[in-house]
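Asker: Have a look at this one.
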Amino acid sequence: MRSEPAGPGVHAAAAAALALVGDGAVVGLGTGRAASAFIAMLGDRVRRGLAVSGVATSDSAARQAVEEGIALVDLTEELELDLTVDGADEVAPNLDLVKGWGGALVRERIVASASRRQIIIVGDEKLVQRLGERGRLPVEVIPLARGPVLRRLDALALAPAVRRAADGAGAFLTENGNLLIDCALAEPIADGVAARALDRAIRAIAGVVDTGLFLGTAERVLVGFASGRVDTLTRGQA
């Protein structure tokens, strides 16, 4: 099942990302509305003769890629991806990100880390001055550690809540079989230094698998606007 259709700004950003994909490339395929728009466009190029293969970050991305005729390959020890194209939930001026609202943050990080470049595509509404302005910070947690992790996150004043399944029947489980705990920050994160300190504090809790703080991972962010304009943000320019 595909994500809801993306807006015109995201489509413009996805088209700009597509221009970065060369013939023979191996591409990491992100999860969510922005990534779904990119996968659809990539599939169209494949049907017109572009030779690419992909590594998907979720079952939904994999299903869409297969439907679009994109060959999927395994992430082996020898494979380095040319680039990963993915979305984000928040983008700070220094290109630090919050990801994971869609529930695939661990696999997204693994695929991005195996790539030469991480390209992020977003609509302009995802731009923030400080991470945490738009909402929650996801944390993926091993189920056994649920109680102790909730207690430790609460001690960090993060107001943790276990994400519920879409139908409300029980907790949401990631494709790794883990829980997602959404943290409500008391206020947005002050800056990149504070974001890194918070990330270290959360990761130090036994049972935490990963956080939605993607700090220093993006090479560039393509920001699409409803007018069709696309701004390219690169690390270090702000």
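Asker: Cα centroids of region 54-85 and region 111-159: how far apart, whole angstrom?
Answerer: About 23 Å separates the Cα centre of region 54-85 from the one of region 111-159.
Asker: By average Cβ neighbour count within 10 Å, what is the ranking of 42-50, 92-100 from highest down?
Answerer: So the peptides 42-50, 92-100, ranked by packing, come out 92-100, 42-50.
Asker: Hey, could you pull the Cα Rg and Dmax for region 4-94, both in Å?
Answerer: Taking only Cα atoms of region 4-94, I get Rg and Dmax of 12.6, 38 Å.
Asker: What is the fewest-to-most order of ASP59, ASP167, ASP86 by other Cβ atoms lying within 10 Å of their Cβ?
Answerer: ASP167, ASP59, ASP86
Asker: Select from ILE39, ALA114, GLY9 the residue farthest towards the positive end of the dipole of the chain; place +1 on Cβ of Lys and Arg, -1 on Cβ of Asp and Glu, and compute about the Cα centre.
Answerer: Going by the Cα projections, it comes out as GLY9.
Asker: What's the magnitude of the charge dipole for the chain around its Cα centre, counting Lys and Arg as +1 and Asp and Glu as -1 at the beta-carbon? Answer in Debye, nearest 20.
Answerer: The calculated dipole for the chain is roughly 320 debye.
Asker: Estimate the FRET efficiency between ALA184 and ASP59 by the formula 1/(1 + (r/R0)^6), using the beta-carbon distance for r and 45 Å for R0, to the nearest 0.05.
Answerer: Here the calculated transfer efficiency is 0.95.
Asker: What fraction of the Cα pairs in region 137-211, stated in percent, has a spacing above 18 angstrom?
Answerer: 36
Asker: For ALA165 and ALA25, FRET efficiency with R0 = 30 Å and r from the beta-carbon atoms, rounded to 0.05?
Answerer: 0.25
Asker: Where does the charge balance sit around LEU137 when Lys and Arg score +1, Asp and Glu -1, over other residues with C-beta under 13 Å from its C-beta?
Answerer: -3
Asker: Given a Förster distance of 22 Å, report the FRET efficiency between ALA51 and ARG229 from their Cβ-Cβ distance, rounded to the nearest 0.05.
Answerer: FRET efficiency, ALA51 to ARG229: 0.10.
Asker: Separate question: Using the crude model of +1 on Lys and Arg Cβ and -1 on Asp and Glu Cβ, and no other charge, please compute the dipole size for region 91-171 relative to its Cα centre, in debye to 20.
Answerer: Computed charge dipole of region 91-171: roughly 240 debye.
Asker: Still on this model: Taking the Cα atoms of region 82-170 alone, what are Rg (to one decimal) and Dmax (as a whole number) in Å?
Answerer: 14.9, 41
Asker: Hey, another quick one. Taking neighbour counts of Cβ atoms within 10 Å as a proxy for exposure, in what order, fewest first, do THR76, THR57, THR217 appear?
Answerer: Lowest to highest Cβ neighbour count: THR76, THR217, THR57.
Asker: Using label points projected 7 Å from each Cα along Cα→Cβ, tell me how many nm separate GLU80 and ALA204, to one decimal.
Answerer: Reported label-point gap for GLU80 and ALA204 is 3.4 nm.
Asker: Same structure again: Relative to the compact globular guide of 2.2 N^0.38 Å, what is the alpha carbon radius of gyration of region 24-147, as a ratio?
Answerer: Rg over 2.2 N^0.38 Å, computed on Cα atoms: 1.10.
Asker: From Cα coordinates alone, what are the radius of gyration and Dmax values for region 167-237 in angstrom?
Answerer: 16.5, 46
Values quoted throughout were computed directly from the atomic coordinates according to the rules given, and no laboratory measurement underlies them. Keep in mind that what you see is a predicted model, and the values were worked out from it rather than measured. Reconstructed Cβ throughout: ideal geometry from the backbone, glycine too, with neighbour counts over all protein chains shown.
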